[in-house]
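The values are calculated or read from the model by the stated rules, or taken from the named source; none is laboratory data. Treat the numbers as computed from the prediction; the structure is a model and nothing was measured. Please note: Cβ atoms are built from the backbone with ideal geometry, for glycine as well, and neighbour counts cover all protein chains shown.
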Amino acid sequence: MHKLCLHRIKAESPNFALKKANELLNPINPDSGLPIVTDITIKNIKMTNLFSDEFENDLDECLESIFNTESGIYYEFMQELIEMDCKNSAEEIENLYGILMDDTEEYFYNIIGSLSEDNEIHIFGDLKENTTNLPFESIDVLNKLYYDEFGDFNVLSDFNEIDPNDNDSSISLWQLNYKGEKGKTFIVFSYVKLY
C-alpha cells in the first residue's frame, strides 16, 4: 500500500526544495545501503590524505569503510576534514554515521513534486506521474483536506506530525528544517510504501 505524505520546507527555488527534501527524507541509498553524501563532501573526502593513502582513490571502497559501523575510520576522516577547515563535511559524515547507528529510518519517500505558497506546481525530476489525482491544486484545497480532522488548519504554518502508518485516512504533514534555510515555503508531496 502506498500513502501520500506532505512535508513543508523553505527554499529559494522549487528545484532546491525538492532536492533538499529528498536528501533529508532519504539519507540512505536503498540500493547500496550507504548514506547519500553531498557532492561537496565527496570532493572534500577525495582531498584527504586518508583517501589517497589508504584507499588508493577508490571512492566506493572508501565510503563503504567510512560508513562501516564496526570500523571506526569515520572518526579519522572527520578529524582530517576538520584540520582541512571542512567542518561542514565532517559534521555531515558524523550525522550520516549517526543515522546508520540509530537505524530508525523506516520509510523511503518517493518524491513526486511540490506546491509553492504561490500555488505553483513543480514536478520532481523526469517524473511523468499523473497529478490529477493529487491535491496539487492550491494551498486552500490542501487546507480543506485537513479541515474535517483538525478544524481551522493552515498547511503553511500548522503540522500534524502523524507518521505515515498511524492512520490510513490521515495525510501526514511534517516540517523539514536544515541549516541556512530561507526563501518561499513549499509543500513537498511524496508517496511512501507501507507494506
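Of the residues that make up segment 1-12, is at least one in a loop (DSSP other than H, G, I, E, B), hydrophobic (A, V, I, L, M, F, W, C) and exposed (fewer than 13 other Cβ atoms within 10 Å of the Cβ)? Yes - at least one qualifying residue is present in segment 1-12. Residues in segment 20-40 that are more than 15 Å from K179 (Cβ to Cβ), in contact with a helix residue (DSSP H, G or I) (Cβ under 9 Å, 6 or more places away or on another chain) and not in a loop (DSSP other than H, G, I, E, B): I28, P35.
Residues in segment 141-152 that are farther than 23 Å from I111 by Cβ and without any contact (Cβ under 8 Å) to a residue 12 or more places away in the chain: K144, Y147, D148, F150, G151, D152. Look at I99 and say whether it is without any contact (Cβ under 8 Å) to a residue 60 or more places away in the chain and either within 13 Å of the chain's Cα centre (by Cα) or within 27 Å of S138 (Cα to Cα) (or both). Taking the combined requirement at face value, the residue does not satisfy it.
When segment 15-37 is filtered for residues that are more than 15 Å from I111 (Cβ to Cβ) and loosely packed, with under 14 Cβ neighbours inside 10 Å, the ones remaining, listed by number, are D31, S32, G33. Taking E76 as the residue in question, decide whether it is surrounded by 13 or more Cβ atoms within 10 Å (Cβ to Cβ) and outside any strand (DSSP E or B). Answer is yes for this residue. Filtering segment 146-170 to residues that are of a type in the set (A, V, I, L, M) and modelled with pLDDT under 80 leaves only I162. Inspect all residues belonging to segment 96-110 and state whether any of them is at pLDDT 85 or above and in a loop (DSSP other than H, G, I, E, B). No. Taken across segment 52-71, residues that are modelled with pLDDT under 95, part of a helix (DSSP H, G or I) and touching a His at 6+ places or on another chain (Cβ under 9 Å) do not occur at all.
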